[in-house]
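Notes to accompany the following structure.
The values are calculated or read from the model by the stated rules, or taken from the named source; none is laboratory data. Computed from a predicted model, the values in this text were never measured in an experiment. Cβ sites come from the backbone with ideal geometry, for glycine too, and all protein chains shown count toward neighbours. Quick note on the areas: whole protein, heavy atoms, side chains included, nothing else; ligands and nucleic acids left out. Shrake-Rupley method; radii C 1.70, N 1.55, O 1.52, S 1.80 Å.
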Amino acid sequence: GVSYFAGTDWNSSDGYRDNSDFESFNLDASVTKNWDEARSLSISTFYHDSSYGLPGSLSWNDFKTNPKKATSPNDHSQLDTWGANLGGSTKLGDDGRLEANLTASRREADTQYASMKMYRESTVDSYAFTPRYTLDSDLGGHENRLTLGTDVRLDRASIDDNGKVWDFDRTSLAGYASDEFFFTE
């Protein structure tokens, strides 16, 4: 009745150009508890870390004579994202299923433009609630799947752009309906 999952990956490249290196690391883990065919609960978490160089643009002459040249050899960026998701599912009636996920995450980015003596740091906290109802039933002797749902999301951002700070919130609400009708098996 309990399943576990964990995964990780790492990617790295020196890049073609000077200061075009890249490195990323991801970690995902989840635990799901199934009480029976009707009910389940899961919790998962994720972490992402990446860093990369920003080599800058090249003139046509630089491209022809030295295409690997970096015009901004000290510019770089760092991105970290992490969060968690709580999900649940239960049967409603003989043919219906109610599912919902609650997600919270944070993304932090730090970009240094040493060539222009500038920087940008940002933090975005995101929260989402995504319930949906699915009805699997026959319609005129054919299999039919109706899905109704809504997505509610709140993002809170803070951006420091070279000492000038912006804070803002964004709220979004979306509803959707989908129907799949199967003419054949």
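Assorted remarks:
- Of 137, 83, 40, farthest towards positive along the dipole that unit charges on Lys, Arg, Asp, Glu beta carbons give the chain: 83
- Test item: Cα-centred dipole of the stretch 53-135, Lys/Arg +1 and Asp/Glu -1 on Cβ, debye: 340 debye
- The stretch between residue 90 and residue 11 holds 24.6 nm of extra length on full extension. This uses 0.36 nm per residue minus the Cα-Cα distance.
- Here the stretch 58-105 is assigned +1 on the Cβ of each Lys and Arg and -1 on the Cβ of each Asp and Glu. Its dipole about the Cα centre then comes out at about 340 debye.
- As a calculated quantity, the FRET efficiency between residue 121 and residue 69 at R0 = 22 Å, using C-beta atoms, amounts to about 0.20.
- The distance between label points at residue 45 and residue 137 comes to 4.2 nm (points 7 Å beyond Cα on the Cα→Cβ vector).
- Per-residue SASA remark: residue 146, around 50 Å² accessible (1.4 Å probe; ligands, DNA and RNA not included).
- In the chain the longest region clear of chymotrypsin sites (Phe, Trp or Tyr not before Pro) that are loop-assigned by DSSP and have at most 11 other C-beta atoms within 10 Å covers 36-181.
- Restraint check, 68/164; 33/91; 64/117, Cα-Cα greater than 23 Å: 68/164; 64/117
- In range of the label at residue 62: residues from the stretch 110-132 whose backbone nitrogen is under 17 Å from the point 7 Å along Cα→Cβ: 113-118
- Calculated FRET value between residue 145 and residue 31, using beta carbons and R₀ = 22 Å, to 0.05: 0.20
- Surface accessible to a 1.4 Å probe, per residue, for the residues of the chain, Å²: 67 Å²
- Across the accessible surface of the stretch 84-185, with the other protein chains kept in place and a 1.4 Å probe, carbon and sulfur atoms take up 54 percent.
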